[in-house]
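The values are calculated or read from the model by the stated rules, or taken from the named source; none is laboratory data. Owing to the predicted nature of the structure, the values given are computational and were not obtained by experimental measurement. Using ideal geometry, Cβ is built from the backbone for each residue, glycine included, and neighbour counts are taken over all protein chains shown.
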Amino acid sequence: MNIHYKCQLPTIEEWKALRKTAGWTIHSDQDFHNAGEGTLFGVSAYHNAQIIGMGRIVGDGKICFYIQDVVVAPEYERNGIGTEIMKRLLNFINESAVPNAVVALMSSREKEDFYSRFGFIKRTDTNGFGMHLPQIPII
């Protein structure tokens, strides 16, 4: 299988299509545009000019990196595409991060083993549990 990788985000339409294949939320075009503007680095994977995978990094570019939107179209999973995307994301971080930088992600359910292959560990209560805010509060 001839997979072509680009060190850039996919188009907004491609991004939305990938999120749809994963059952993730589809935001407005403007929201995707703004998210892209806040992205430090992105990787897109193509097969026959069709988007089949992506991943991106947000953060400050030195001490904090968050891996986000790593997704491969279901029919292309288990072909090393996600692994190649992660390698390229981590290479960017390796070239940019200062010593002891924080590199984090939130794994989808059942994908933890995939990320553990790259050295990611589950936080335990001794480190404080990972947390998320399910709804933005009105203050």
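Within region 53-75, the residues that satisfy the criterion of being of a type outside the set (A, V, I, L, M, F, W, C) and crowded, with 16+ Cβ neighbours inside 10 Å are GLY53, GLY55, ARG56, GLY59, GLY61, GLN68, ASP69. Among strands (runs of 3 or more DSSP E) entirely within region 1-105, having at least 1 residues that are under 22 Å from SER116 (Cα atoms) singles out 39-47, 50-59, 64-72, 102-105.
Give me the pairs, please: first residue somewhere in region 7-28 and under 16 Å from ILE57 (Cα atoms), second residue anywhere and of a type in the set (Lys, Arg) and not in a helix (DSSP H, G or I), beta-carbon distance under 9 Å, and either six or more positions apart or on two chains. Note: pairs meeting the criteria are LEU9/ARG56. Looking across region 76-100, just one residue is of a type in the set (Asp, Glu) and either crowded, with 16+ Cβ neighbours inside 10 Å or in contact (Cβ under 8 Å) with a residue 12 or more places away in the chain (or both), and that is GLU84.
For region 1-34, taking the residues that are over 16 Å from the mean Cα position of the chain (by Cα) and closer than 16 Å to ILE81 by Cα, the one that is modelled with the lowest pLDDT is identified as MET1. For region 105-139, the set of residues classified as loosely packed, with under 14 Cβ neighbours inside 10 Å, aliphatic (A, V, I, L, M) and either touching a His at 6+ places or on another chain (Cβ under 7 Å) or within 22 Å of ARG56 (Cβ to Cβ) (or both) consists of MET106, ILE121, MET131, LEU133, ILE136, listed by residue number.
Is there a residue being closer than 21 Å to ALA104 by Cα, out of contact with any strand residue (DSSP E or B) (no Cβ under 6 Å at 6 or more places or on another chain), surrounded by 13 or more Cβ atoms within 10 Å (Cβ to Cβ) and of a type in the set (Phe, Trp, Tyr) anywhere in region 35-52? Taking every residue of region 35-52 in turn, none turns out to be closer than 21 Å to ALA104 by Cα, out of contact with any strand residue (DSSP E or B) (no Cβ under 6 Å at 6 or more places or on another chain), surrounded by 13 or more Cβ atoms within 10 Å (Cβ to Cβ) and of a type in the set (Phe, Trp, Tyr). Scanning region 46-82 for residues that are farther than 18 Å from TRP15 by Cβ and in contact with a helix residue (DSSP H, G or I) (Cβ under 8 Å, 6 or more places away or on another chain) returns GLY61, LYS62, PHE65.
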